[in-house]
Each structure stands twice: as C-alpha cells, then as structure tokens.
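The structure under discussion appears below in the form of structure tokens.
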Amino acid sequence: MLSTQEIEFLDTHGYLDLGQLLSKDQVLQVNDRIEELLQSEGENAGAELAESKYIRHPKEEGSDRLADLVNKGSVFDVFYTHPRVLSGIEAVLGHTYKLSSLNYRAAKPTKGLQKLHVDWKNTVVNGSYQVCNSIWLLDDFTPHNGATRIVPKSHKWSSLPDEVMVDPFDRHPEEIRIIAPAGSVFIFNSHVWHGGTTNQTQQVRRSIHSYFCTTAQPQQIDQKKYITEETFQRIGQKGREILDV
C-alpha cells in the first residue's frame with residue numbers, strides 16, 4: 001500500500017505524510033464520539049493510562065486524554081486497521097507487530113508543550129526499531145495550535161534529546177512541524193525526536209495516536225485485559241491479530 005518512494009522517505013526521515021485518510025464526515029463522527037466520551041467519563045477520562053506501568057506520563061497537564069478507544073466504538077476501528085497505516089508500521093517494525101495503545105490527546109489553549117523525546121528507553125542503532133506511531137489529525141494542524149514537532153532523521157542518531165540539549169523544551173534548529181488538514185495521518189518512527197508544541201489559539205487541538213510495538217514488547221494498554229466480547233466479535237481475525245487477543 002506504500003510506494004517504494006514513500007518507504008524510502010519514511011526510512012530516511014523517520015516520518016511520512018499518508019494524506020487525508022479520513023473524510024470530513026468521518027472526522028465529524030469521531031469528534032462527536034470523543035465529545036460523548038469526555039462528557040461521560042469526566043474526571044476518569046484516560047484512567048486506563050494510569051493503570052499501565054508502561055506509560056511514563058499518564059496524566060498530562062494542559063491536555064485532554066482518552067484511552068482504550070479500541071473498546072469505545074466501531075468508529076475507531078479504522079485507526080488500527082487502515083491498510084496504508086499498517087503498511088507504514090510494517091516498513092518500520094517488520095511483520096511481527098501489534099497495537100500497543102489507541103489514545104486521544106488534545107492540547108488545550110496556551111498548553112500542550114512537550115519536551116523533545118523518543119518513545120523508547122534508549123537510542124536505536126542499525127535499524128533495530130521497537131515502536132512506531134501514527135497520528136490522526138482531528139483538527140487542522142497549523143503553526144499556531146500546538147502541532148506536533150519532529151526532528152527528521154533523528155531516529156538514526158546515537159544520542160537522546162536529554163543528553164545533548166540544554167533544554168529539550170527548546171526549539172531544535174532542525175525540527176519541523178506537522179502542518180496538514182483534519183483527516184490527515186502521519187506515520188512516525190517513535191525513535192525519532194518529537195513532541196507537542198504550545199497551542200496558541202483558543203480552541204483545543206485534537207488528535208488520536210495509534211501506537212504500535214514489536215510482538216516481543218509489552219503493550220501500553222493490555223488489550224487482552226480490556227477487550228470486550230462485542231469488540232472481539234466485531235473486528236474479525238485480522239483485528240484480533242493486530243490487538244494480539
């Protein structure tokens with residue numbers, strides 16, 4: 001589902017713009033469901049994150065969070081089954097991978113800044129990648145509303161932001177921002193340096209992350225623990241393989 005040129009770009013730069021994989025109607029349906037969940041879960045929104053010992057920052061000041069979207073509506077199935085996304089994941093991790101977590105993050109006005117970081121405990125040399133992420137834009141990402149920043153090619157570096165930057169919250173001279181319309185999807189090798197930026201608008205900036213890992217790694221959200229019978233039956237054999245349930 002990815003061209004040779006796309007795979008080469010992803011390998012070289014550590015990220016890839018897959019284009020708009022969601023229609024305007026799909027974006028509206030997802031955002032409507034997100035709003036329902038935020039209202040119904042209230043203070044418990046994202047509680048599954050705190051139950052996981054594999055998530056370093058389950059609560060993030062300045063961001064709305066939701067977790068375990070796998071079991072919160074069929075509208076979220078596409079986020080971990082879309083063929084172009086899976087093709088990108090396979091290009092980074094190979095054919096032995098599974099969904100680690102499917103979470104929602106929205107940067108609130110004046111908030112959302114993250115230090116540059118990687119989603120793995122150390123650097124990776126010679127292409128032994130363990131984790132890969134996809135970010136689904138539920139709003140237009142602009143230079144001003146907290147778009148994710150990435151330092152291209154940093155997934156191949158032998159250092160981490162904390163080791164070489166005076167302040168990883170600072171702007172890196174080589175960083176770029178994901179600027180694209182709602183419905184767009186970006187794959188990024190999770191060993192690339194990345195982080196959220198400050199939302200300088202008066203509206204939340206919404207996104208969903210479908211985060212994958214190699215089969216040898218523990219999932220951020222234990223899919224076997226949370227899987228419901230309704231979800232299990234709905235997603236079919238391919239979905240069960242991706243969730244490792």
Original post:
Any idea which of (1) within 23 Å of Val30 (Cα to Cα); (2) open to solvent by 40 Å² or more (accessible area, probe 1.4 Å); (3) in contact with a Phe, Trp or Tyr (Cβ under 9 Å, 6 or more places away or on another chain) is the one Ile89 doesn't satisfy?
Top reply: (2)
Original post:
Name the pairs whose Cβ atoms lie under 9 Å apart, with the first residue in segment 56-80 and closer than 11 Å to Asn103 by Cβ and modelled with pLDDT under 90, the second part of a helix (DSSP H, G or I) and open to solvent by 30 Å² or more (accessible area, probe 1.4 Å), and 6 or more positions between them or separate chains?
Top reply: Pro58/Ala47; Pro58/Ala50
Subject >> Qualifying residue in segment 100-115 (condition: surrounded by fewer than 18 Cβ atoms within 10 Å (Cβ to Cβ) and more than 29 Å from Ala47 (Cβ to Cβ)) >> reply: no
Original post:
Within segment 4-33, how many residues turn out to be touching a Leu at 6+ places or on another chain (Cβ under 9 Å), open to solvent by less than 70 Å² (accessible area, probe 1.4 Å) and either assigned to a loop (DSSP other than H, G, I, E, B) or not hydrophobic (A, V, I, L, M, F, W, C) (or both)?
Top reply: 3
Subject >> Residues of segment 197-219 satisfying the condition of being crowded, with 17+ Cβ neighbours inside 10 Å and either over 29 Å from Ile179 (Cβ atoms) or modelled with pLDDT under 95 (or both) >> reply: Thr214, Gln219
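The values are calculated or read from the model by the stated rules, or taken from the named source; none is laboratory data. In this text the structure is predicted, and so the values were computed from the model without any measurement. Neighbour counts are summed over all protein chains in view; Cβ atoms, including those assigned to glycine, are modelled from backbone coordinates with ideal geometry. These area figures cover heavy atoms from the full protein model, side chains too; ligands, DNA and RNA do not enter into them. Shrake-Rupley method; radii C 1.70, N 1.55, O 1.52, S 1.80 Å.
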